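> Just passing along the structure, written as structure tokens.
The values are calculated or read from the model by the stated rules, or taken from the named source; none is laboratory data. What you see is a predicted model, and the numbers here were worked out from it, not measured in a lab. Ideal geometry is used to build each Cβ from the backbone, glycine not excepted, and the neighbour counts take in all protein chains shown.
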């Protein structure tokens, strides 16, 4: 892994960990539609949510991306789906109820999207699947020649 790729991965982790608690705090706005109360609680949510989201992204998300990026073409919806599962899974183990599932899935969705934007979209060289026929010089719909 080159130096630029390492920094892009770190940037993706930090973006995911920054965005995830903010997206999760939107559930407070849904539950308590008082805008001032949400603004007051947002720094507290971010203070506790950032390290939790960073651990989720670093211990689960980054290894999953490293394993799958050469086998599966990266796409924004796959990053969001994976982020939702990564966010919701541990939340269900800690507090097994539907509200925790939604909170974790929403946070993970936003974190996965932020990670995808930083790592794949902004650095296009890392967002390719090495086994696609398109990279071998033929269209994806064309079968390989034998």
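> Restricting to helices (runs of 4 or more DSSP H) lying wholly in the range 40-118: which have 1 or more residues that are modelled with pLDDT under 90 and within 16 Å of residue 25 (Cβ to Cβ)?
76-94, 98-116
> Filtering the range 59-87 down to residues that are without any contact (Cβ under 8 Å) to a residue 60 or more places away in the chain, touching a helix residue (DSSP H, G or I) at 6+ places or on another chain (Cβ under 6 Å) and surrounded by 15 or more Cβ atoms within 10 Å (Cβ to Cβ), which residue is nearest to residue 105 (Cα to Cα)?
Across the range 59-87, the extreme among qualifying residues is 84.
> Still on this structure, I have one more. Please find, within the range 1-29, the residue that is modelled with the lowest pLDDT out of those that are out of contact with any helix residue (DSSP H, G or I) (no Cβ under 8 Å at 6 or more places or on another chain) and surrounded by 11 or more Cβ atoms within 10 Å (Cβ to Cβ).
4
> Restricted to the range 119-139, and to residues that are part of a loop (DSSP other than H, G, I, E, B) and at pLDDT 50 or above, which residue is nearest to residue 27 (Cα to Cα)?
122
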